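I have placed the structure first, in the form of structure tokens, so that the comments after it can refer back to it.
The values are calculated or read from the model by the stated rules, or taken from the named source; none is laboratory data. Source: prediction; values computed, not measured. Cβ placement follows ideal geometry from the backbone for every residue including glycine, while neighbour counts extend to all protein chains displayed.
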Amino acid sequence: MPTFTWRATYDASKTITPTVKVIKFGDNYEQRQGAGINRQPRKYSLTFKRAKSEIDAIDDFLKDRGAIDAFNYTHPGQSIGVFVCREWVRTNIALGVDGLSATFEEVFE
């Protein structure tokens, strides 16, 4: 499996949305139960600001996977995981400098 090796330029944010089944009863009572064995997938919002050629390489890496094929990614200070990138935005910043913002979603295969 390919590995994404570039480091984000700016502060990254990590979102965890636990997978929970909720059953609602009358009078606003509810019962919650964790769904599945991998109930807390990570999602990272990353931003890169680099020379155009390096952003080209990141863009190509993501395009090659096309939100179908997963890749390994290790966020600084975190454990390795398997991720997909379903959406990214590329920005022209200045002559020879581009930016790219991406969201990596952890998947379990």
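Here is how the numbers come out for the structure above:
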{"item": "Hits in the range 70-106 - residues which are within 13 Å of the chain's Cα centre (by Cα) and among the acidic types (Asp, Glu)", "result": "Glu87, Glu105, Glu106"}
{"item": "Condition broken by Asn38, with the remaining ones in (1) out of contact with any strand residue (DSSP E or B) (no Cβ under 7 Å at 6 or more places or on another chain); (2) over 20 Å from Leu95 (Cβ atoms); (3) without any contact (Cβ under 8 Å) to a residue 40 or more places away in the chain satisfied", "result": "(3)"}
{"item": "Cβ pairs under 6 Å, 6+ apart, first in the range 9-27 and farther than 18 Å from Glu105 by Cα and part of a loop (DSSP other than H, G, I, E, B), second of a type in the set (Phe, Trp, Tyr) and at pLDDT 90 or above", "result": "Thr9/Phe48"}
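Each row is one residue, and each column tells you yes or no for (1) within 12 Å of the chain's Cα centre (by Cα); (2) exposed (fewer than 10 other Cβ atoms within 10 Å of the Cβ); (3) polar (S, T, N, Q).
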| position | (1), (2), (3) |
| --- | --- |
| Thr15 | yes, no, yes |
| Val22 | no, yes, no |
| Asp27 | no, yes, no |
| Gln31 | no, yes, yes |
| Gln40 | no, no, yes |
